[in-house]
1. Give the residues of the stretch A:183-196 that are in contact with a strand residue (DSSP E or B) (Cβ under 8 Å, 6 or more places away or on another chain) and within 12 Å of DNA strand C (Cβ to nearest atom), sorted by residue number.
2. Which ones in the stretch B:100-126 are within 15 Å of the chain's Cα centre (by Cα) and buried (at least 21 other Cβ atoms within 10 Å of the Cβ)?
3. Test of understanding: among B:71, B:64, B:79, which residue is away from DNA strand D (no atom under 16 Å from the Cβ) and either modelled with pLDDT of 95 or more or in the same structural domain as residue B:182 (by TED's automatic domain parsing) (or both)?
4. Considering (1) over 28 Å from residue B:136 (Cα atoms); (2) out of contact with any strand residue (DSSP E or B) (no Cβ under 9 Å at 6 or more places or on another chain); (3) touching a residue at least 24 places away in the same chain (Cβ under 8 Å), say which one residue A:149 fails and leave the rest.
5. Which residues, taken from the stretch B:178-232, are more than 15 Å from DNA strand D (Cβ to nearest atom) and closer than 27 Å to residue A:146 by Cβ?
6. Taking residue B:34 as the residue in question, decide whether it is within 16 Å of DNA strand D (Cβ to nearest atom) and either at pLDDT below 95 or in the same structural domain as residue B:131 (by TED's automatic domain parsing) (or both).
7. Return the residues of the stretch B:197-211 that are in contact with a strand residue (DSSP E or B) (Cβ under 9 Å, 6 or more places away or on another chain) and more than 8 Å from DNA strand C (Cβ to nearest atom); say none if nothing qualifies.
DNA sequence: CGCAGCCTTGACAAATGTCAACAAACGTGG
DNA sequence: CCACGTTTGTTGACATTTGTCAAGGCTGCG
């Protein structure tokens, strides 16, 4: 692959501390590809042949069962996904598809596992990454189990606001139908949920959200660091 | 702590490959305690001072928010819990309480982190453990998002049956109210769900479950290795 | 025995999903 | 740039699922 991406990838936490030679070896065996939107990169159940890294664009992780489908997460640059499957040499538990035109690095899982066995710093970095993934998954489970869809939406809005710098006006960067799926509801239900938040100081116009009463919204949403914080 | 537990703990995947000296050091700094039932061992939000290992009995991991509470998992001997928090030196995301009289090892998190930094084999073993935890969490999320409570119960029964060796008659080893919480529903709803499974070949009496029509139940439950398998 | 806790049941309410219709936004080809 | 068709979002009516409340039965234990 092209040298030009090296530094971007290298600066990822997972690769930052590892040995130079090992990193070079990983990169030499990898591919970079450009994908148009809506391309299914991997399908759940398949063997995990490659560790993926999104360089640009974005990728949706989703799962299906019995004709139903749900969006599990959205991956933004620059980060890896399906690390756990790669390490365990186990089948993917989620499918992935590009949401927009995206540039993706594919590193053969075999290589990752080989270097994982050789390079202790890499192994330690992977621990950090997996622990983070695990904790994120637990938070997401708590969100689902402990909150109604209206509460999930309210907290989602607060999280996005925080991400965007705290302004009272924010933009939805995702399609509403996908947001609905991510929040575990139907598009129709999401439409009504937005209306249901009006009494708590939220108005929506297209993908522009206006928080007219921050305190009211927070009083209703009751955000918790143990569910909503990206860090911790 | 007493030598007698060493071998049990040592045989855990996380500790199996690590250096003898390191293992000794870990054990020297640790405590073993007996707890009566219903004791809260840790509370979510607290700093993670100890890595815990259940030697006997069982422990419930649960979470609360806004007056609601949900059971997230049950830990059986012999296994660790809250490893991710220990490694990240981050607050617990879940609380834990004994379900019965239980014997628990407490290893100071500092020690675990120190040895994690020193012993590469330990670090690699932790990767395996965390990847497993992560994948289990993903499966649980899929179960919640993609299935109705009736479907979750049906698949739970099939999983328990498999665990118990495949017999058509199995025992519920947990209180129904806790099972309900684990499955993400109310006790009342669980009662009705059991009745709702009668047409699919399941009858319940107390904590004895009888699968009268295996095929019918499986046709309804549609178990999937990507959600229901313990391994993979 | 009598209390306490769990489980069950029924009646009802709230949350969420489904279906159908329509409006709005978007993209494509002329 | 417009016309067209496709997709997405919204809305209403309704069905299903799930939760809530209250009552009563069952069980285990002092």
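1. A:184
2. B:102, B:104
3. B:79
4. (1)
5. B:223, B:224, B:226, B:227, B:228, B:229, B:230
6. Taking the combined requirement at face value, the residue does not satisfy it.
7. Across the stretch B:197-211, the qualifying residues are B:197, B:198, B:201, B:202, B:203, B:208, B:209, B:210, B:211.
The values are calculated or read from the model by the stated rules, or taken from the named source; none is laboratory data. Please read these numbers as outputs of a predicted model, since none were measured by experiment. Ideal geometry is used to build each Cβ from the backbone, glycine not excepted, and the neighbour counts take in all protein chains shown.
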